[in-house]
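The values are calculated or read from the model by the stated rules, or taken from the named source; none is laboratory data. What you see is a predicted model, and the numbers here were worked out from it, not measured in a lab. Cβ: placed from backbone, ideal geometry, glycine included. Neighbour counts: every protein chain shown.
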Amino acid sequence: MRIESAVALRDANRQAVAADLIVGVTVDEVDETVALWTPFKLACEQAGHRSEHSHWDWSKKARAIRGATYYTVAGVRIGTEMQGLLLWGDLFSPTARHPTQLGHDLVYVHFVSTAPWNDRELVDAPKFVGAGTLLLRTAVERSLDLGYKGRLGLHSLTKAEEFYRDKCKMIDMGIDQSHENLRYYEFTPQLAQDFLNRTGVNP
Amino acid sequence: MAEKRTMTLNLTDEEMGLLDELSSHYDMSKTAILRKALRMYQVIDARLRKGEKLFTEDELEKKKAELVVL
């Protein structure tokens, strides 16, 4: 499955910038993204700034899921430059943990990265903002499309917890000792709808 | 998301009962259950066609059992 649609991110002056949302990013496109992101990331690391997910190898991940129809890489691109990537699973995935949704299907977000020039761990002023929110919206929309009613789960890296808890208003389900002691967050159907309503106009 | 097409499906009472039960249990529409089943079937069928076998595993009991697929 590959779907492209016109979306918008915001630049440093909060002006809308036309972008393309891609659902079904190919391995070649992931490789190009890694090649694009790596020099900037290395320069940041030489300056003493390292993101919590700097060890993630997106090319390896993309190859590992190639041909598996139940994994999808989504990306948001401005011109030829990818501004963020997200990898989700939507079949044979973990099921919901919230007591009101226990055992129900959800879209599980495995990884999310923004381009290093958009990453607040690396730069004071991101070049473009909104990529993470837009990609998470896309995963929620996939959950709705599959009949999962917007249910979505993810384990958050420590520095991203604030984003999922305060901006996305996902439910904090606590530390998961079986998953590298990362905190697990979940959208119930109602919270997913609230998130879509809140972020629909100004992502 | 991808465009969808409509079809009519004829089911026996037993099959419809099963679909109702799954729909209720998983809090998904009958359409969503059938779409999920189709996707699972595609994945499993692709493995079986390659000559692989399908197993279930009980982690607590440390038991594995092969599902016989005719």
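Total residues in region A:137-153 satisfying the condition of being out of contact with any helix residue (DSSP H, G or I) (no Cβ under 7 Å at 6 or more places or on another chain), of a type outside the set (S, T, Y) and under 25 Å from A:E121 (Cα atoms): the figure is 2. For A:F111, the test of being under 30 Å from A:N13 (Cβ atoms) and hydrophobic (A, V, I, L, M, F, W, C) is passed.
Here the condition is being modelled with pLDDT under 95 and either within 14 Å of another protein chain (Cβ to nearest Cβ) or surrounded by 12 or more Cβ atoms within 10 Å (Cβ to Cβ) (or both); of B:K30, B:K4, B:K53, B:K62, it holds for B:K4 alone. Checked against (1) touching a helix residue (DSSP H, G or I) at 6+ places or on another chain (Cβ under 8 Å); (2) among the hydrophobic types (A, V, I, L, M, F, W, C); (3) touching a residue at least 60 places away in the same chain (Cβ under 8 Å); (4) within 14 Å of chain B (Cβ to nearest Cβ), A:V76 passes all but condition (4). Annotation: of all residues in region A:1-32 being in contact with a Phe, Trp or Tyr (Cβ under 9 Å, 6 or more places away or on another chain) and not β-branched (V, I, T), the one that is farthest from the other protein chains (Cβ to nearest Cβ) is A:A12. Of the residues in region A:117-128, at least one is free of Cβ contacts under 8 Å to residues at least 12 places away in the same chain and more than 20 Å from A:G174 (Cα to Cα).
One line per residue, one yes/no per condition, for (1) under 19 Å from A:G103 (Cβ atoms); (2) touching a Phe, Trp or Tyr at 6+ places or on another chain (Cβ under 6 Å); (3) assigned to a strand (DSSP E or B):
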{"position": "B:H25", "(1), (2), (3)": "yes, no, no"}
{"position": "B:L38", "(1), (2), (3)": "no, no, no"}
{"position": "B:Q42", "(1), (2), (3)": "no, no, no"}
{"position": "B:E52", "(1), (2), (3)": "no, no, no"}
{"position": "B:T56", "(1), (2), (3)": "yes, no, yes"}
{"position": "B:E61", "(1), (2), (3)": "no, no, no"}
{"position": "B:K64", "(1), (2), (3)": "no, yes, yes"}
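If I filter region A:187-199 for residues that are over 22 Å from B:A32 (Cα atoms), without any contact (Cβ under 8 Å) to a residue 60 or more places away in the chain and in contact with a helix residue (DSSP H, G or I) (Cβ under 8 Å, 6 or more places away or on another chain), do I get at least one hit? The answer is yes, given that some residue of region A:187-199 is over 22 Å from B:A32 (Cα atoms), without any contact (Cβ under 8 Å) to a residue 60 or more places away in the chain and in contact with a helix residue (DSSP H, G or I) (Cβ under 8 Å, 6 or more places away or on another chain). Quick check on this structure: which one of A:K159, A:K169, A:K149 is part of a loop (DSSP other than H, G, I, E, B), under 26 Å from A:D11 (Cα atoms) and not hydroxyl-bearing (S, T, Y)? The match here is A:K169. Being touching a residue at least 60 places away in the same chain (Cβ under 8 Å) and surrounded by 20 or more Cβ atoms within 10 Å (Cβ to Cβ) holds for only one residue in A:A8, A:A19, and it is A:A19. Tell me yes or no: at least one residue of region A:52-65 is part of a loop (DSSP other than H, G, I, E, B), farther than 23 Å from A:V107 by Cβ and either in contact with a His (Cβ under 9 Å, 6 or more places away or on another chain) or touching a residue at least 40 places away in the same chain (Cβ under 8 Å) (or both). Looking for residues that are part of a loop (DSSP other than H, G, I, E, B), farther than 23 Å from A:V107 by Cβ and either in contact with a His (Cβ under 9 Å, 6 or more places away or on another chain) or touching a residue at least 40 places away in the same chain (Cβ under 8 Å) (or both), one finds none in region A:52-65, hence no. Restricting region A:118-136 to residues that are surrounded by fewer than 21 Cβ atoms within 10 Å (Cβ to Cβ) and out of contact with any strand residue (DSSP E or B) (no Cβ under 8 Å at 6 or more places or on another chain), which is nearest to A:E186 (Cα to Cα)? Looking at residues that are surrounded by fewer than 21 Cβ atoms within 10 Å (Cβ to Cβ) and out of contact with any strand residue (DSSP E or B) (no Cβ under 8 Å at 6 or more places or on another chain), I get A:T133.
Residue count for region A:73-110, restricted to those that are outside any loop (DSSP other than H, G, I, E, B) and of a type outside the set (A, V, I, L, M): 9.
Restricting A:L152, A:L144, A:L102 to residues that are crowded, with 21+ Cβ neighbours inside 10 Å and either of a type outside the set (F, W, Y) or within 14 Å of chain B (Cβ to nearest Cβ) (or both) narrows the list to A:L152. A single member of B:D20, B:D13, B:D45 is touching a helix residue (DSSP H, G or I) at 6+ places or on another chain (Cβ under 8 Å) and more than 10 Å from chain A (Cβ to nearest Cβ), and it is B:D20.
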